[in-house]
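The block underneath contains the structure these notes are about, expressed in structure tokens.
Here, each number is a calculation from the coordinates, and none is a lab measurement. Note that this is a predicted model, so its numbers are computed, not measured. Glycine gets a Cβ as well: all are built from the backbone with ideal geometry, and neighbour counts include every protein chain shown.
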Amino acid sequence: MSKSYFIETYGCQMNVADSELVSGLLTREGFSETKDIHTADAIFVNTCAIREHAEDKVHSRLGYYHQIKRKNPKTIIGVLGCMAQNLKEDILESKPFVDIVLGPDSYRRLPEMIRERSNESSHLVDTKLSRFEVYDDMFPSRNKGINAWISIMRGCDKFCTFCIVPFTRGRERSRSVEGIVQEAAQAVSDGFIEVTLLGQNVNSYHHEGQKFHELLDAVAQIPGLKRIRYTSPHPEDMTQDVLNVMAKYDNICNYVHLPLQAGNDEVLNRMNRTYTKDQFLARVNQIRNTLPNVGISTDIIVGFPGENEAEFQETMDVMEVVKFDSAFTFKYSSRPGTKAAEFDDHVPEDEKQHRLERLIEMQQKHTLFRNKAIVGRVEMVLVEKESKRSKKQWAGRTDANKWVVFNKENAKIKDLIPVKIMDARGITLHGEIVQIQEMEAA
Ligand code: 5AD
Ligand code: SF4
């Protein structure tokens, strides 16, 4: 009988894509995936090291796997991804029940390691980072759904001083345009209608002279692909070419995730973010000038070492000017090994918390402001799932990445349909499907 494995994923979308890659690899090698952790021959956790909180969650899951292994000592336990890279010594010393530790560039070795481990060898570890590995030839085994995650590049060369990613995922390298287009086309023939192109810094994408806008242009031409999203660009590297391609194709979503991180030039400089507040604001204007009604979201960190109240206030000022559609907000978390971890003058936890709360409150106002601005408009919405609140309603996203709920009528999941936005409450929009006859009459 084939060996079964259970895999769970923490962290970013890149990790979701990586887990699907691992599943594809294991399936091709004759292993079978199970959703029952208690009967699995092997348990894998794909981990995230971006903040301490993400690591804590994985540590607690590992405690649970340990209990399972006590009952069934033959269960193989594997830690994959960024924490494996970052904490291998710690894991091997303090968690001897972990059998396999594999960094993000070593997934190809997993089948062989499972087989070796069955022969009771000692711990198997591979956390070498590669300058070349992009898994271009490997087709992931995706969970069924609407959206297919496609990683277009790996690693990061930006070295923002707070960020562990350049250390856990190594140097930046891109896949071929052909490999990506082929994978996206395969996803469409497997029933997916949206793809999200993933990279730590997508607009640094380059492969044999081809840049990100050329890749976007090629992907947009895949027949049957209704929506294309991408994340994340770096504000410094966003180009007019990318914006022009976005404007040219209806199936490229009118949405940009543009991480601000902080609004004060000193803090940005200490973060090594390579742009100033004014340059960021100019970038936002450039985006909005090329793409009317674009949705813009962001990432913001509060409590970076040395950030004082006046500097934090400047972040709020930038938010007030831009009025992002949404924001992912984080308290700074010191990551050993990064440059910022050596900076002194750490902001106390309660101050970080207080700043975070002020930021969230302000963002909620801005989200509502932006949402209210589209009440009365007809938006194309992709029907994605049943609304959590009512079985009679669908939930789907607009082009600009806003969730809308509306009565199901005769619409089906995966339909891309016109919905009139009737109301904006909290962070959700409420709408009504516009029947085609009404559209024609209008
Ligand atoms: N502490 C807090 N947030 C962080 N991020 C990255 N590293 C850290 C850290 N050490 C945030 C950034 C990034 C997002 C993915 O996670 O805002 O854009
Ligand atoms: Fe981390 Fe900066 Fe690279 Fe993003 S761009 S992964 S924040 S180093």
Study note, to complete from the structure: Here FRET efficiency (C-beta to C-beta, Lys420 to Glu357, R₀ 35 Å, nearest 0.05) is 0.50
Check your understanding: Cα-based Rg (one decimal) and Dmax (whole number) for segment 1-93, in Å?
Key -> 13.0, 40
Exercise for review: Under a cut-off of 15 Å between alpha-carbon atoms, report the aspartates and glutamates in cross-link reach of Lys57, not counting same-chain residues fewer than 8 places apart.
Suggested key: Glu8
Practice item. Sort 391-397, 401-407 for me by packing, meaning the mean count of neighbouring Cβ atoms within 10 Å per residue, highest on top. Key: 401-407, 391-397
Review point. What are the radius of gyration and Dmax of the chain, computed over its Cα atoms and given in Å?
Key: 22.7, 73
Revision key, fill the gap. Within the under-14-Å Cβ sphere about Gln13, not counting Gln13, Lys/Arg +1 and Asp/Glu -1 give a net charge of 0
Study note, to complete from the structure: Scalar couplings 3J(HN,Hα) for segment 349-358 by Karplus 6.51 cos²θ - 1.76 cosθ + 1.60 (θ = phi - 60°), nearest whole Hz, x for Gly and Pro, are 4, 5, 5, 4, 4, 4, 5, 4, 4, 5
Review point. Are there trypsin sites (Lys or Arg not before Pro) in segment 175-245 that DSSP marks as loop and that have at most 10 other Cβ atoms within 10 Å, and which are they?
Key: none
Exercise for review: Using the Karplus curve 6.51 cos²θ - 1.76 cosθ + 1.60 with θ = phi - 60°, work out ³J(HN,Hα) for each residue of segment 90-99 in order, rounded to whole Hz, and write x for Gly and Pro.
Suggested key: 4, 5, 5, 6, 9, 10, x, 6, 7, 8
Revision key, fill the gap. The alpha-carbon center of segment 167-231 and that of segment 297-345 are separated, in whole Å, by 30
Revision key, fill the gap. Helix-only [θ] at 222 nm, the chain, -39500 (n - 2.57) per DSSP H run of 4+, per residue, nearest 500, equals -11000 deg cm²/dmol
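Just in segment 1-67: which trypsin sites (Lys or Arg not before Pro) are loop by DSSP and have at most 11 other Cβ atoms within 10 Å?
For trypsin sites (Lys or Arg not before Pro) across segment 1-67 that sit outside H, G, I, E and B with at most 11 neighbouring Cβ atoms in 10 Å, the list reads Lys35.
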Check your understanding: Fewest to most neighbouring Cβ within 10 Å: what's the order for Glu208, Glu112, Glu311?
Key -> Glu208, Glu112, Glu311
**Study point:** Of the GluC sites (Glu not before Pro) in segment 350-442, those whose Cβ has at most 14 other Cβ within 10 Å and which sit in DSSP loop
**Key:** Glu409
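Can you tell me what share of the DSSP beta bridges in segment 198-333 is antiparallel? A percent to the nearest 5 is fine.
Counting only bridges with both partners in segment 198-333, antiparallel ones make up about 15 percent.
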Check your understanding: Reachable lysines from Lys385, Cα under 20 Å, same-chain residues fewer than 8 places away excluded?
Key -> Lys144, Lys226, Lys402, Lys408, Lys412, Lys414, Lys420
Review point. Isolated Cys in the chain by the 4.7 Å beta carbon test?
Key: Cys12, Cys48, Cys82, Cys156, Cys253
